[in-house]
Each structure stands twice: as structure tokens, then as C-alpha cells.
1. Filter the stretch 59-86 for residues that are surrounded by 12 or more Cβ atoms within 10 Å (Cβ to Cβ) and more than 19 Å from Leu43 (Cβ to Cβ) and give the result.
2. Can you work out which of the residues in the stretch 75-85 that are outside any helix (DSSP H, G or I) and in contact with a helix residue (DSSP H, G or I) (Cβ under 7 Å, 6 or more places away or on another chain) is farthest from Leu13 (Cα to Cα)?
3. In the stretch 34-64, how many residues are of a type in the set (S, T, N, Q) and touching a helix residue (DSSP H, G or I) at 6+ places or on another chain (Cβ under 8 Å)?
4. Kindly indicate the residue of the stretch 52-70 that is hydroxyl-bearing (Ser, Thr, Tyr) and within 13 Å of Glu39 (Cβ to Cβ) and also farthest from the chain's Cα centre (by Cα) among those meeting that condition.
5. Is it fair to say Ala46 is farther than 22 Å from Val91 by Cβ, out of contact with any His (no Cβ under 8 Å at 6 or more places or on another chain) and surrounded by 14 or more Cβ atoms within 10 Å (Cβ to Cβ)?
6. So which of Ser74, Ser69, Ser105 ends up being at pLDDT below 90 and polar (S, T, N, Q)?
Amino acid sequence: MMFNLGPASLQHLALLQMEKHGADRYPTVNQQMLKLVEEVGELAKAINKAGPKWNTIGPERDRVRSELSDVALSLGNLATKLGVPCLEDLVAAHVAADDRNFQRSKGQRT
């Protein structure tokens, strides 16, 4: 089922999900961080299990996308607990300030 929530931040969506569940099961920063690590592990397992079908319409892709959503929601909850008012703004500022260049110049060894 798809919900039309309009434009919403990741953290707002994470809060909506928590409200639907009726409780914050990971109330501390450390508990939420461990939950995020768990969700990343589940995403990795789903991608590995799907193999090359991870992006083909079907149950493998659905599972990968579901796990990716869980990772995003856990990250949003962690950002809130860390006092980050808007994760998207934090990431945008990081990208804007990032002046690294990963292109190799001629003659540079790998």
C-alpha cells in the first residue's frame, strides 16, 4: 500500500512510522545505532541473496527495497536522537563543502 505523504523529510517519515507503532523501541542513541547496524546487515543479506536479480521486478527487488527503507528510517531516527534537525540539510552542506577530487591524473599509479 502506498501513502501519499507529500514532501516529507526522512526524519518526519521515521517519526510517523514510530507513531504508527506506538512506541520508540530504541530510545537511546546507542540502541538506535545498533538497530541501524542490524538493518544494514539485513540489507546486505538481501542484496547477496538476490544476486543479479536485486533490480529485476519481483520478490528479490521488493525485499532489497524494503530493507533499504528500514536502513533509511533507522538512520533518520538516529539523526533525530543525535540532535540533527534535518538530515537532508546536513548532507547537503557536506556535499557542498566537499572539494575532493577522485579522478586520477595522468601517470598516477593505482
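The values are calculated or read from the model by the stated rules, or taken from the named source; none is laboratory data. Please read all numbers here as calculations on a predicted model, not as lab measurements. Backbone-built Cβ (ideal geometry, glycine too); neighbour counts: all protein chains shown.
1. As a first pass, look at the stretch 59-86 and keep what is surrounded by 12 or more Cβ atoms within 10 Å (Cβ to Cβ): 60-82, 84, 86.
Hits for the stretch 59-86 are Thr80, Lys81, Leu82, Val84, Cys86.
2. Leu82
3. So the count comes out to 1.
4. Ser66
5. On the way: farther than 22 Å from Val91 by Cβ: yes; out of contact with any His (no Cβ under 8 Å at 6 or more places or on another chain): yes; surrounded by 14 or more Cβ atoms within 10 Å (Cβ to Cβ): yes.
For Ala46, the condition - farther than 22 Å from Val91 by Cβ, out of contact with any His (no Cβ under 8 Å at 6 or more places or on another chain) and surrounded by 14 or more Cβ atoms within 10 Å (Cβ to Cβ) - is met.
6. Values: Ser74 fails: at pLDDT below 90; Ser69 fails: at pLDDT below 90.
The conditions single out Ser105.
Results for (1) part of a helix (DSSP H, G or I); (2) over 24 Å from Ala8 (Cβ atoms); (3) in contact with a Phe, Trp or Tyr (Cβ under 7 Å, 6 or more places away or on another chain); (4) hydrophobic (A, V, I, L, M, F, W, C), shown as yes or no for each residue.
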position	(1), (2), (3), (4)
Leu36	yes, no, no, yes
Ile47	yes, yes, yes, yes
Gly51	yes, yes, no, no
Val64	yes, no, yes, yes
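Residue-wise test of (1) at pLDDT 95 or above; (2) loosely packed, with under 14 Cβ neighbours inside 10 Å.
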site	(1), (2)
Pro7	no, yes
Gln11	no, no
Asp24	yes, no
Pro27	yes, yes
Lys35	yes, no
Ile57	no, yes
Glu88	no, yes
Val91	no, yes
Asp98	yes, yes
